[in-house]
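Undergrad: I have a structure I would like to understand better, so I am pasting it below and will then ask my questions one at a time.
The values are calculated or read from the model by the stated rules, or taken from the named source; none is laboratory data. As the structure is a computational prediction, the values presented were derived from the model and not from experiment. Glycine gets a Cβ as well: all are built from the backbone with ideal geometry, and neighbour counts include every protein chain shown. Keep in mind that these areas ignore ligands, DNA and RNA; they rest on the heavy atoms of the full protein, side chains included. Shrake-Rupley method; radii C 1.70, N 1.55, O 1.52, S 1.80 Å.
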Amino acid sequence: MIGLVGSGNMARALALGWGEPVLCTDVFPDRAEALAAETGGKALAGNGELADRADLIVLAHKPAQLEEVAEQVGGRARGVVSILGATPLADVKAAYGATPVVRIMPSVPVEVREGVSCHARDADADPELERRALELFGRVGPVVTLDEGQIDAAMGLMSCAPAYWALVVEAQVDAGIRAGVPADIAAQLVVGTMAGTAKLIRDREHDTLKVKRQVMSPGGSTARGVAALEAAGVRTAFDDAMQAVVAR
Ligand SMILES: NC(=O)c1ccc[n+]([C@@H]2O[C@H](COP(=O)([O-])OP(=O)(O)OC[C@H]3O[C@@H](n4cnc5c(N)ncnc54)[C@H](OP(=O)(O)O)[C@@H]3O)[C@@H](O)[C@H]2O)c1
């Protein structure tokens with residue numbers, strides 16, 4: 001069974017995506033109990049016991065708890081998968097000593113098995129743990145392997161981005177309401193179009209210009225809408241968001 005250290009947002013999204021019982025812990029026992037109940041798994045009192053009983057453990061606590069949890073695990077884990085944000089592999093390896101470690105950065109759409117994850121390339125990785133981790137995260141969405149130096153920027157494109165797209169949906173829905181469209185209909189239109197456009201862009205091998213040209217007839221309303229977004233600085237806004245994410 002998979003062991004989750006921490007039973008918060010990301011742990012729950014992963015567990016629901018995997019759709020199988022998990023072992024889990026949390027400093028708030030209620031949180032661990034709730035996740036165990038939701039997955040048919042078991043909440044455990046301590047991270048040492050979790051390490052003893054789990055095939056591998058996933059570090060789903062906050063980055064600041066790295067040392068504390070490593071001490072609680074005390075070298076008892078068979079393998080460690082770190083999803084800790086802004087925490088280099090070297091730091092996790094230093095904390096876990098001889099225990100094999102793999103670093104993967106997921107995103108919350110793993111909950112619906114459409115979550116992109118980024119795997120930090122590591123020439124010294126334990127091949128068996130790496131194979132198992134890639135298989136595990138591959139069940140809940142595509143896994144992209146990157147040099148570790150790119151992981152922070154990648155987080156800005158996938159781990160953080162569900163919040164950005166939720167914000168875009170909110171902004172469009174509010175604009176629709178101001179223009180007289182009932183909120184629930186506006187949400188249906190916006191989310192349906194976002195999901196469809198994502199699929200279209202994927203099917204068009206990410207050729208966004210082709211998709212834009214399909215919608216923008218010369219002098220038409222879409223072209224006016226796009227010009228308004230450009231004038232409002234939509235590109236700069238996304239670039240500023242990325243800089244805010246990668247700035248430490
Ligand atoms: N959320 C995302 O979209 C996302 C995406 C990619 C990666 N991540 C990474 O995933 C990790 C978890 O993020 P999250 O959003 O799920 O945070 P979260 O909702 O705060 O969940 C973390 C849970 O771990 C608990 N915890 C703290 N110390 C612990 C310990 N010693 N043993 C067991 N549990 C402990 C926390 O309790 P307290 O609240 O008391 O600290 C909290 O309940 C972070 O490292 C984050 O960088 C998150």
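Undergrad: In degrees from 0 to 90, rounded to the nearest 10, what is the angle of the helix 29-39 Cα long axis to the longest principal axis of the chain?
TA: 70 degrees
Undergrad: Send over a whole-number figure in Å² for the accessible area per residue of segment 1-58, probe 1.4 Å.
TA: With all protein chains present, segment 1-58 gives 40 Å² per residue.
Undergrad: If you take every DSSP beta bridge whose two residues both sit in the chain, what share of them, in percent to the nearest 5, is antiparallel?
TA: That works out to approximately 10 percent antiparallel.
Undergrad: Give me the angle, in degrees from 0 to 90, between the Cα long axis of helix 234-246 and the longest principal axis of the Cα atoms of the chain, rounded to the nearest 10.
TA: Roughly 10 degrees between the two axes.
Undergrad: Give the peptides 147-153, 89-95, 46-52, 234-240 in descending order of average Cβ contacts within 10 Å, highest first.
TA: 46-52, 89-95, 147-153, 234-240
Undergrad: What number comes out for accessible area per residue over segment 161-247 if the probe is 1.4 Å? Units Å², please.
TA: Per-residue accessible area for segment 161-247 comes out at 72 Å².
Undergrad: Taking 0.36 nm per residue of sequence separation and subtracting the Cα-Cα distance, how much length would be gained by fully extending the chain between residue 211 and residue 247, in nm to one decimal?
TA: This chain segment gains 9.7 nm when fully extended.
Undergrad: Return the aspartates and glutamates within reach of residue 199: Cα separation strictly under 14 angstrom, same-chain partners fewer than 8 residues apart disregarded; answer none if there are no such residues.
TA: 114, 207
Undergrad: Using only Cα atoms, locate the centre of segment 1-54 and the centre of segment 86-119, then give the distance between them in Å, rounded to an integer.
TA: If you average the Cα positions of each part, the centres end up 17 Å apart.
Undergrad: Go through 100-109, 163-172, 136-145 and give me the packing order, highest mean Cβ count within 10 Å leading.
TA: Ranking the peptides 100-109, 163-172, 136-145 by packing returns 100-109, 136-145, 163-172.
Undergrad: Further question: Through the Karplus equation 6.51 cos²θ - 1.76 cosθ + 1.60, θ set to phi - 60°, convert the phi angles of segment 51-58 into ³J(HN,Hα) values in whole Hz; use x for Gly and Pro.
TA: Using θ = phi - 60°, the values come out as 5, 5, 8, 8, 5, 8, 10, 10 Hz.
Undergrad: So if each residue of separation counts as 0.36 nm, and I subtract the Cα-Cα distance between residue 171 and residue 139, what length gain in nm does that give?
TA: Using 0.36 nm per residue and subtracting the Cα-Cα distance, I get 8.3 nm.
Undergrad: Under 25 Å Cα to Cα from residue 93, which lysines show up? Leave out anything in the same chain fewer than 8 places away.
TA: List returned: 62.
Undergrad: According to the Kirkwood expression over distinct Cα-Cα pairs, how big is the hydrodynamic radius of the chain, in Å?
TA: After inverting the mean inverse Cα-Cα distance, the result is 20.0 Å.
Undergrad: Next up: Roughly to the nearest percent, how much of the accessible area of the chain is carbon and sulfur, given a 1.4 Å probe?
TA: Exposed carbon and sulfur together represent 57 percent of the surface.
Undergrad: Another question, then. At 0.36 nm per residue, minus the direct Cα-Cα distance, what do residue 150 and residue 227 gain on full extension? Give it in nm, one decimal, please.
TA: In short, 24.6 nm is gained.
Undergrad: Can you give the angle from 0 to 90° between the axis of helix 221-231 and the longest principal axis of the chain, with both taken from C-alpha atoms, to the nearest 10?
TA: 60 degrees
Undergrad: Still on this structure: I need the peptides 20-26, 175-181 ranked by packing, meaning the mean over residues of other C-beta atoms within 10 angstrom, with the highest value on top.
TA: Order by mean packing, descending: 20-26, 175-181.
Undergrad: Also: Among 58, 73, 190, determine the one that fluctuates most according to a GNM of the chain built with springs between C-alpha atoms less than 10 Å apart.
TA: Highest fluctuation among the options: 190.
Undergrad: Classify segment 10-114 as rounded, prolate or oblate from the Cα gyration tensor: take a ≥ b ≥ c as the square roots of its eigenvalues, call it rounded if a/c is under 1.5, otherwise prolate when a/b beats b/c and oblate if not.
TA: It is oblate, given that a/c is not under 1.5 and a/b is not larger than b/c.
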